[in-house]
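Notes to accompany the following structure.
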Amino acid sequence: MNILSGDPSDIFRQEADELFVQLETALLDLETAPGDKETIASAFRALHTIKGSGAMFGFEALAKFAHHVETVFDRVRNGDVLVTPALVGVTLEARDHMRRLIDAPGQVSAGSGDAILAHLDRVVSGQENPVCARAASPVERFIPSSPPPPSAKVSPASSGYRVRFTLPTNAFVLGTNPVTMIREMLEMGTGTVRCDASEVPGLDGLDPEQCYLRWELELFTGQSMEAIEDVFLFIRNETQLTIEPFSVAPVPALDLPLEPLRELPVVDSGSASSLPTSSPSPAASAQSGKPPPIESVIKVNSDRINGLMNQVGELVIVQSRLKQIAHSSTEELSVVSLRAVVEEMGRLVSELRETTKGIRMVPIGSLFSRFRRVVRDLSRELGKQVRLDTRGEETELDKTMVESLNDPLVHLIRNAMDHGIESSEARLAAGKSVEGTLLLTATHVGGQVLITVDDDGKGLNLERIRAKAEERGLLAPGAEISDGDLAQLIFHPGFSTAQAVTGISGRGVGMDVVKKSIDALRGSVEVFSQTGEGCRVVLRLPLTLAIIDGLLLKVGEERYIVPLSNVDAIVELADAMVEHSGGDGNHFLFIRDELVPFLHLRDLFAVVGEPPPHEKVVIVVVGKRRVGLVVDQILGDHQTVIKSLSRVHADVKSFSGATILGDGRVALILEIDHLIEFGQHREERLREALHPSGRRVGHEILVR
């Protein structure tokens, strides 16, 4: 199901995205399994659908170009042409060209498409790869530029088929053009057409939106019966279709020339139910050089929609009960009933929240599949053999976040292939396989999604990173720093250890983009590296950007929210249990025998007044980093609807957003990653001044 508003041709653009993914996936699979018939059929179906849908929505250049490529893959499907790397490569070029014909038709020159088709012709005819084609006939012989006339000579290899079909009565409303279908069949060979108009009623009973005609074709073609059936792919179940082979050429009768058919209208453009005839045409978009804007589309499982409708129905019932209570004359009965209604409404709101959140969730596999092409192309550019493996493709994530993850993951993959994975010679010398491996993994952990990018390369060169950091003044010479913090320096703007600038890397921009993009999604990035074994980058992301489960805190008179997924534990802290480091007021405690620094939010936010006698410490965690936040009171969990801060507060790093509480107050949402970073700087100073005794400070009252 599509949730869509705007130009109806946007439906095609959104569907085309999936078709291009299907086509690209099939082509990449054919590189490793060139004889797989199901994969070949998948590529052919994608091309056929792109061609048919493109013609229906007015993308004539796309339909014409796709027809040529489709014809080649029809020969592949019939066994006349073999799949080779050269054929896969040129078809991927054709796929990119078709993508451009949809996105920016005004910026695509006709010559670029002709060059690709000429390249395809050379590959199929064996001029570039002699083992590609079984037949030496040039591509023009089986891709006619226009349908041959009925008098054309029939090849001895052709078969005769009598095709009779009756379209569904609502074919015009659905956008089906019988003229286009007839022309497509005649492009397969030669033949004659007869039209039966005996069922057309008089003007008094004529419905201009209904189809009353029946057609019969006598077709001579070298194509198979399945190829003829594919013409009716979209309406096969609703169409009365019979295809009968015959061996003796019948006498042509009632021939309909093709030119008059060109003038036949498909459907009245003034009809309210007609398809996108009233929408801006691609030609109009071509004049501006920009594609028309596309509304966001989410495909939703019908079960989720049904569940949403049921919950809305229950909510209407509760609203009616609430209205009845409001007009009740018995105050005591009204209060008791009101509590029951509030509880019921709370349950429904919670279910609606989960259902609505589920509607926005999409499998991350749709994103992972895009990177197969990236890895393939980069492997050839870098001269390295790299294989991409993926796991957890069914893991669901908010659609907005999936779209925002494309650029960061591309940068991570490019960086791993350029800097991490060695050349074939270096891998053999290190006792590794010639082929390097990239592994993309997505998993649910609590209320977060972890996306990891693993490579089996040489790992980070920490010595070079340190030298570069000292050279740029990011690190004092000889300063003590953990390997984890040293690895984090690669995300600093402009930081790069590349010896030379190339078209792939060397300018220090990519990893900076990764960090900023993940920060914008309220996520975090961690790097783990082992020399000679490889590198792992972990992206920690919330499930959704709209609603989170939060812990409501009180500091002074203000309320704050901490994402519940970041809460590790809560401890009580008495004044006698606080230990200090030096004279700067630094504090720490031991949680599970680990040193954890903590911050007084009263001091951090300059709260006036005396603190309560029993303060609480909320231990928050991001990855393996932890810090304690000292607060006055824990008010409980809170369903938090996130609101963005204004531009005035864009530089306030301690808060990631705000929410509105039930009493109308505004509560700020703490930016945990920034607070942990602030606390970690204190911890480095503490480690030098203190020697942990191993005892636990504080009484732990909650562990998640």
Check: For segment 656-680, which residues satisfy the criterion of being surrounded by 17 or more Cβ atoms within 10 Å (Cβ to Cβ) and hydrophobic (A, V, I, L, M, F, W, C)?
Finding: 658, 667, 668, 669, 670, 672, 675, 676
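Looking only at segment 344-401, which residues are small (Gly, Ala, Ser) and either crowded, with 19+ Cβ neighbours inside 10 Å or part of a helix (DSSP H, G or I) (or both)?
Applying the first criterion (small (Gly, Ala, Ser)) to segment 344-401 yields 346, 350, 358, 365-366, 369, 379, 383, 392.
Residues satisfying the conditions are 346, 350, 358, 365, 366, 379.
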Check: Within segment 121-135, is there a residue that is of a type in the set (Val, Ile, Thr) and either under 23 Å from residue 16 (Cα atoms) or touching a Lys or Arg at 6+ places or on another chain (Cβ under 6 Å) (or both)?
Finding: no
Next item on the list: Could you tell me whether segment 445-462 includes any residue that is at pLDDT 85 or above, charged (D, E, K, R), surrounded by 14 or more Cβ atoms within 10 Å (Cβ to Cβ) and more than 33 Å from the chain's Cα centre (by Cα)?
Entry: no
Next item on the list: For residue 110, work out the one condition from (1) modelled with pLDDT under 75; (2) touching a Gly at 6+ places or on another chain (Cβ under 8 Å) it doesn't fulfil.
Entry: (2)
Note to self: Looking at segment 41-54 only, could you name the residues that are surrounded by fewer than 22 Cβ atoms within 10 Å (Cβ to Cβ), over 10 Å from residue 70 (Cα atoms) and not polar (S, T, N, Q)?
What the structure shows: 41
Check: Pairs, please: C-beta under 7 Å, at least 6 apart or cross-chain, first residue under 18 Å from residue 121 (Cα atoms) and in segment 60-71, second of a type in the set (Ser, Thr, Tyr) and in a helix (DSSP H, G or I)?
Finding: 69/91
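To keep it simple, each residue is scored yes or no on (1) in the same structural domain as residue 519 (by TED's automatic domain parsing); (2) at pLDDT 80 or above; (3) closer than 25 Å to residue 480 by Cβ; (4) part of a strand (DSSP E or B).
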position	(1), (2), (3), (4)
607	no, yes, no, no
627	no, yes, yes, yes
638	no, yes, no, yes
652	no, no, no, no
669	no, yes, no, yes
680	no, no, yes, no
687	no, no, yes, no
Next item on the list: May I ask you to list pairs of residues, at least six apart or on different chains, whose Cβ atoms are under 7 Å apart, with the first in segment 310-322 being surrounded by 12 or more Cβ atoms within 10 Å (Cβ to Cβ) and the second being charged (D, E, K, R) and at pLDDT 75 or above?
Entry: 311/351; 318/344
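Within segment 78-98, work out how many residues are on the phi > 0 side of the Ramachandran plot and surrounded by 19 or more Cβ atoms within 10 Å (Cβ to Cβ). Walk me through it before giving the result.
Kept after step one, since they are on the phi > 0 side of the Ramachandran plot, are these residues of segment 78-98: 79.
From what is left, the residues that are surrounded by 19 or more Cβ atoms within 10 Å (Cβ to Cβ) are none.
Count: 0.
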Next item on the list: Return the total of residues in segment 193-209 being polar (S, T, N, Q) and modelled with pLDDT of 85 or more.
Entry: 0
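So if I check each of 119, 68, which one is in a helix (DSSP H, G or I), more than 24 Å from residue 15 (Cα to Cα) and more than 27 Å from the chain's Cα centre (by Cα)?
Only one candidate passes the filter, namely 119.
Anything in segment 177-212 that is under 21 Å from residue 245 (Cβ atoms) and not in a helix (DSSP H, G or I)? List them, or say none. Show your work before the answer.
Let us first name the residues in segment 177-212 that are under 21 Å from residue 245 (Cβ atoms), namely 181-182, 184-194.
Across segment 177-212, the qualifying residues are 187, 188, 189, 190, 191, 192, 193, 194.
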Notebook entry, point to check: Consider residue 215 against the criteria (1) closer than 30 Å to residue 74 by Cα; (2) not in a strand (DSSP E or B): it satisfies all of them except one. Which criterion is unmet?
Noted result: (2)
Next item on the list: May I ask you to list pairs of residues, at least six apart or on different chains, whose Cβ atoms are under 9 Å apart, with the first in segment 108-125 being more than 16 Å from residue 87 (Cβ to Cβ) and assigned by TED's automatic domain parsing to the domain that holds residue 93 and the second being part of a helix (DSSP H, G or I) and among the β-branched types (Val, Ile, Thr)?
Entry: none
Next item on the list: Can you give me the number of residues within segment 346-361 that are modelled with pLDDT under 75 and among the acidic types (Asp, Glu)?
Entry: 1
Notebook entry, point to check: If we scan segment 70-77, do we find a residue that is buried (at least 22 other Cβ atoms within 10 Å of the Cβ), outside the structural domain of residue 372 (by TED's automatic domain parsing), of a type in the set (Phe, Trp, Tyr) and modelled with pLDDT under 90?
Noted result: no
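Scanning segment 405-458 for residues that are in a helix (DSSP H, G or I) and polar (S, T, N, Q), which turns out farthest from residue 639 (Cα to Cα)?
Here is the first cut: in segment 405-458, the ones in a helix (DSSP H, G or I) are 406-420, 424-429.
From what is left, the residues that are polar (S, T, N, Q) are 406, 415, 424.
On the way: 406: 29, 415: 39, 424: 53 Å.
Within segment 405-458, the match that is farthest from residue 639 (Cα to Cα) is 424.
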Note to self: Anything in segment 17-42 that is in contact with a Leu (Cβ under 9 Å, 6 or more places away or on another chain), part of a helix (DSSP H, G or I) and in contact (Cβ under 8 Å) with a residue 40 or more places away in the chain? List them, or say none.
What the structure shows: 23, 24, 27, 28, 30, 40
Next item on the list: Mind listing whichever residues of segment 537-566 are closer than 22 Å to residue 363 by Cα and among the basic types (Lys, Arg)?
Entry: 540
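The values are calculated or read from the model by the stated rules, or taken from the named source; none is laboratory data. Computed from a prediction, not measured in an experiment: that's the story for all the values here. As a convention, Cβ positions derive from the backbone with ideal geometry for all residues, glycine included, and neighbour counts pool all protein chains shown.
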